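Working notes, structure below.
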Ligand SMILES: O=c1ccn([C@@H]2O[C@H](COP(=O)(O)O)[C@@H](O)[C@H]2O)c(=O)[nH]1
């Protein structure tokens, strides 16, 4: 909604509407705009309502006062948050958290447009009441009525809003406290539902990365550890003796041991090529993999391609939002944009490959975290390993990828049990809420 700042009359109109709608009644002493696009409107409202303005810095200055919240206020003062658009509500929540850290009351937010994708619910779960001038349904109704868009477009948008299911209503970061069974009920992706249920039933959140080049060795390893895993992650293109029988044996084992199969192909091309790579060639990945990994780098086309390839089938995508390797080029902005993209295709998304619990809040998705061994360490090519305790208790992992830690252990079967038990203990501790 950054456009409003380009038109001074529009800015004035919006500030008058907001003032009459919610601000003139508010008892709050201060207003604070969510950086950055709500700052101009917050400034106008602060002048109109004669309330002092507080400004939240996104990054604290490295010099001087190093304050995150600028302005004149006392502990216990109340502050009204102003935001232009909410989707999940996470940007508003960041501002709320910073204000609360300073001892301010931040319990009310005024929004210009609520996109009706779960943000209001999330904020209310965090004791922030939300009033919005418009909702997306209002807006589309007005556009249809004034014939600016067709009735069919209005129906399509409403269907889209229903399909892009709102992140189910849990508090931000509460997802890590919810048990897998509960999250299985919340999710709309069929593979996420299955995986949550398998983890709960088998009491394991261990994903084995079978990075071996011999199909016999892979099958032999899975035969030994099948009872202790929920997910087998393959790199199908490293297998030197690949043949269709391997897929038959692997999928039979998946049924026998009740695990799912993730092909870690990390697709990263234009939609058309993705569809070919997914369905054709030697591997015909779509026929046997329950889910695949893919980069968000090429843009939405990649998810559109999977949507049409998977129409009518139960499949899932893990989007890469972060990587475990040292010096990788993924920035926080890239990660955020990836999460946004996932929100738009929520039904298709099984989860995100990521390293931090803050990366997303939606309890429907599974945080898949690679780069795990029993001791923190690094390999010689930049892989960074964290411990099970760190990734589950501190960093929010739901399902943990272990490769060489098990595959190259002296006794892989025994080592798989050690990993499984350690990871499960950490998960149980996390959902009990007893994390210091
Ligand atoms: O950020 C990422 C994404 C994927 N991986 C994959 O996980 C396994 C890790 O194997 P280890 O032997 O445990 O290091 C591997 O297949 C990677 O391709 C990752 O490590 N980091």
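Does residue 375 meet the test of being surrounded by fewer than 23 Cβ atoms within 10 Å (Cβ to Cβ), away from the ligand (no atom under 16 Å from the Cβ), at negative phi and in the same structural domain as residue 211 (by TED's automatic domain parsing)? Spelling it out, it is not the case that residue 375 is surrounded by fewer than 23 Cβ atoms within 10 Å (Cβ to Cβ), away from the ligand (no atom under 16 Å from the Cβ), at negative phi and in the same structural domain as residue 211 (by TED's automatic domain parsing). Scanning region 253-287 for residues that are assigned to a loop (DSSP other than H, G, I, E, B) and either at positive phi or at pLDDT below 95 (or both) returns 258, 281, 284. Here residue 410 clears all of (1) away from the ligand (no atom under 13 Å from the Cβ); (2) closer than 28 Å to residue 183 by Cα except the condition numbered (2). Scanning region 288-297 for any residue that is more than 16 Å from the ligand (Cβ to nearest atom) and at pLDDT 95 or above turns up at least one such residue. Within region 323-336, residues that are over 13 Å from residue 295 (Cα atoms) have Cβ atoms under 6 Å from residues that are within 12 Å of the ligand (Cβ to nearest atom) in these pairs: 324/370; 324/371; 324/384; 325/382; 325/383; 326/382; 326/384, counting only partners at least 6 apart in sequence or on another chain. Only a single item in (1) in a helix (DSSP H, G or I); (2) under 24 Å from residue 361 (Cα atoms); (3) over 25 Å from the mean Cα position of the chain (by Cα) is not met by residue 32, and it is number (1).
Kindly indicate whether any position in region 379-389 is within 15 Å of the ligand (Cβ to nearest atom), buried (at least 16 other Cβ atoms within 10 Å of the Cβ) and part of a helix (DSSP H, G or I). So far as region 379-389 goes, yes, one or more of its residues are within 15 Å of the ligand (Cβ to nearest atom), buried (at least 16 other Cβ atoms within 10 Å of the Cβ) and part of a helix (DSSP H, G or I).
Each residue in region 316-333 was checked for being surrounded by 20 or more Cβ atoms within 10 Å (Cβ to Cβ) and more than 10 Å from the ligand (Cβ to nearest atom), and 3 pass.
Considering only residues that are touching a residue at least 40 places away in the same chain (Cβ under 8 Å) and surrounded by fewer than 24 Cβ atoms within 10 Å (Cβ to Cβ), look in region 395-406 and name the one that is nearest to residue 177 (Cα to Cα). Per the criteria, the residue is 396. Give the number of residues within region 341-356 that are more than 24 Å from residue 312 (Cα to Cα) and either outside the structural domain of residue 188 (by TED's automatic domain parsing) or away from the ligand (no atom under 16 Å from the Cβ) (or both). So the count comes out to 0. Does region 216-223 contain at least one residue that is within 16 Å of the ligand (Cβ to nearest atom) and buried (at least 22 other Cβ atoms within 10 Å of the Cβ)? Taking every residue of region 216-223 in turn, at least one turns out to be within 16 Å of the ligand (Cβ to nearest atom) and buried (at least 22 other Cβ atoms within 10 Å of the Cβ). All conditions but one from (1) in contact with a helix residue (DSSP H, G or I) (Cβ under 6 Å, 6 or more places away or on another chain); (2) outside any strand (DSSP E or B); (3) in contact (Cβ under 8 Å) with a residue 60 or more places away in the chain apply to residue 424; the one that does not is (1). Only helices (runs of 4 or more DSSP H) whose full extent lies in region 37-131 are considered here, and the ones with at least 2 residues that are out of contact with any strand residue (DSSP E or B) (no Cβ under 7 Å at 6 or more places or on another chain) and either at pLDDT 90 or above or at positive phi (or both) are 39-49.
The values are calculated or read from the model by the stated rules, or taken from the named source; none is laboratory data. Model, not experiment: these values are computed from the prediction. Because the Cβ atoms are built from the backbone with ideal geometry, glycine has one as well, and the counts that use them run over all protein chains shown.
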